[in-house]
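Structure record follows, encoded as structure tokens.
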Amino acid sequence: MGGRRRLAASLLRFSPIQSQSHHVPWIRLHPGQCWAPYSSSSVSPSAQTQLPKPTPRPETPSTITINGKTYPTDAWFNVPSNVLASTNRRLHLQKDHPVSITRQILESVFPRPTFRYHNDFDPVVSTYENFDSLGFPPDHPGRSRSDTYYINRETLLRTHTSAHEAALFSASASDGYLISADVYRRDEVDRSHYPVFHQMEGARVWDRTKVPNGDIAAAVYADLARLPTHNVKVEDPNPPSHPERNPLQSAHHSPAEAEAIAAHLKRSLELMVVEIFTRAKAAAAKQDPNYVDEPLRVRWVEAYFPFTSPSWEMEVYYAGDWLEVLGCGVSKQELFINAGVPSQLGWAFGIGLDRIAMLLFQIPDIRLFWSRDERFLGQFAGVSDNLDLLKRFVPFSKYPACYKDVSFWLRATSAAGGNTGTANAHDFHENDVMEIIRNIAGDVVEDVRLTDQFTHPKTGRRSMCYRINYRSLEKTLTNAEANELHGRVIAALVDRLGVEIR
């Protein structure tokens, strides 16, 4: 049946698979790759004894200006310059950009006036909006500086579009809404992750005081009857709710109400994926005359999300694989109560625009979305005005990879480094490594992978080995260029994390 690939954006982090082997002193090379002499740093031995002078640590400014608004900073500030520079790009609104085209396609399934589109929300929000209003506990890992970009203790770059949910519920300006926006998270470095990406969130609400006789279930089913139908095979083997796996909000919703809302939600989202994948198939057939179409299949899987219950993930069988496309559910009633509209109830969903655009256009590397190269952008000219012109991306180059390894001991004074005492604020976190590498090498880094970790049996100290793939989207990197970048990365790791290079 094929494996499952994740496409839905998630608030949770997943730890990388970690090897239990010992460090390997040589790297297997492939044609066209740069030479990497040995694992401890992949630079010459003389360079290890005299590391390049580290890039000076940027001093925290007392204020920072983002999109014309100035904010005070404090000790929580951790937004690097490359991320700040992205806050005004707004790819989801850039005409003929794949992310923007994908937004247009999804919006077409949720028509006005029932739905209102919100595409201009500012990326700077409060911790209350991003976390507290949605019920995140104080110790949730998403609140940590290792996961989130903070301007100050109370202000941050939103990590999800849900940061605007309470305000929209409170305003009650429409029966439904879609939010499309850039969101920010510190994360791993690879071809499908970037510190800035784009989400769409949608919601539909009904009000007990406004539907006939206060009968929510009847009103929802009447709206469901007005939705289009489709002929896609849908697998939905689970009950509408389950007391343990997928509980009903029994204090607020009757089983009939929750079942009606779930039915409306699922039909709406099924229509959305039919639109997406019908266009994806048309683009594939246009490019490949031998393309063999296969019937689209959808299945619903029980899930957990902080803002909904019961909740589901939608998976689509496409091109021989089950793809997890989105997450959704019946909105938690506490959100409406906290927003001052306790008589409302409804559903919500969230979907990653970048991941869907990568699938729709067959774009292999998320870094391409941020390219200003006309060889990339020119391929989509005119599509915003005529979605029928949509076609798959045609790669214009494939420059060779250049692998470099870096191995280091963590500081013995940290819990991560082997100290069994209480962890402190300076403990090692993998996202700190990713952030340093990305901030120095930028989009020249394609991916960073943990290839090995080792704990010394006597001292308890921990050693890590990361493999960095330097590959430019625009030219072939020379070994000298890669070594220069790699040397600066190593020096920064020593300077900012206090690691000891092996």
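Rounded, prolate or oblate: pick one for segment 57-183, where a ≥ b ≥ c are the square roots of the eigenvalues of its C-alpha gyration tensor, a/c under 1.5 means rounded, and failing that, prolate if a/b is larger than b/c, else oblate. The shape class here is oblate. The charge dipole of segment 182-302, taken about its Cα centre with unit charges on the Cβ of Lys, Arg, Asp and Glu (plus for the first two, minus for the last two), comes to roughly 240 debye.
Annotation for segment 290-344 versus segment 430-502: alpha-carbon center distance of 37 Å. Rounded to the nearest 10 degrees, the angle from helix 430-441 to the longest Cα principal axis of the chain is 70 degrees.
Shown here: segment 145-282, whose C-alpha atoms stretch 48, 42, 34 Å along the first, second and third principal axes, sorted largest to smallest. Computed from the C-beta positions of N82 and N479 and an R0 of 35 Å, the FRET efficiency is 0.90 to the nearest 0.05. A cut-off of 5 Å between modelled amide H atoms, ignoring neighbours fewer than 5 places along the same chain, links V189 with V448. Comparing L296, H164, L450 along the charge dipole axis of the chain, the residue lying farthest to the positive side is L450, per the Cβ-charge model.
Extension gain for S254 to N67 (0.36 nm times residue separation, less C-alpha to C-alpha distance): 62.8 nm.
For segment 129-181 and segment 373-398, what is the separation of their Cα centres, given in Å? Taking the Cα centre of each part, segment 129-181 and segment 373-398 sit 33 Å apart. When the P(r) is computed for segment 422-502, the part past 21 Å accounts for 34% of the Cα-Cα pairs. Treating each Cα of segment 347-502 as one equal point scatterer and applying the Debye formula with no solvent, the log10 of I(q)/I(0) at q = 0.18, 0.20 Å⁻¹ comes out as -1.06, -1.19.
Less than 5 angstrom separates the built amide H of I66 from those of Y71, all sequence-distant by 5 or more or on a different chain. What would the Debye formula give as log10 I(q)/I(0) at q = 0.16, 0.18, 0.22 Å⁻¹ for the alpha-carbon point model of segment 275-384, no solvent? At q = 0.16, 0.18, 0.22 Å⁻¹ the computed log10 ratios are -0.88, -0.99, -1.19. Model label sites at D120 and K281, defined 7 Å from Cα along the beta-carbon direction, differ in position by 3.8 nm.
For segment 331-403, build the convex hull from the C-alpha positions and give me its volume per residue in Å³.
Roughly 188 Å³ of hull volume per residue.
Show me the ranking of peptides 483-496, 444-457 by mean Cβ neighbours inside 10 Å, starting with the highest.
So the order, starting with the most tightly packed, is 483-496, 444-457.
To check you understand DSSP bridge types, tell me what percent of the beta bridges within segment 116-182 (both residues inside) are antiparallel, rounded to 5. Just about 60 percent of them are antiparallel. Relative to the longest principal axis of the Cα atoms of the chain, the long axis of helix 98-107 makes an angle of roughly 20 degrees. Sequentially through segment 315-328, phi angles give Karplus couplings (6.51, -1.76, 1.60; θ = phi - 60°) of 10, 10, 8, 8, 6, x, 8, 8, 10, 7, 9, 7, x, 6 Hz, Gly and Pro residues having no value and appearing as x. If you wrap the chain in the convex hull of its Cα atoms and look at it from every side, the mean projected area works out to 26.0 nm². Working ranking of peptides 283-293, 112-122, 303-313 by packing, defined as the average number of other Cβ atoms within 10 Å per residue, highest first, is 303-313, 112-122, 283-293. Relative to the longest principal axis of the Cα atoms of the chain, helix 216-225 runs at roughly 80 degrees. Relative protection proxy for 295-302, 176-183, 392-399, from highest mean packing down: 176-183, 295-302, 392-399 (other beta-carbon atoms within 10 angstrom). Each other residue within a Cβ distance under 15 Å of P228 adds +1 if Lys or Arg and -1 if Asp or Glu, for a net charge of 0. Across segment 200-207, coupling constants 3J(HN,Hα) worked out from phi with the 6.51/-1.76/1.60 Karplus curve, θ = phi - 60°, read 10, 10, x, 8, 9, 10, 10, 10 Hz, and Gly and Pro carry x.
All of the numbers you see were taken from the coordinates with simple rules; none came from a lab. This structure is a prediction, so every number in the text was calculated from the model and none was measured. Using ideal geometry, Cβ is built from the backbone for each residue, glycine included, and neighbour counts are taken over all protein chains shown.
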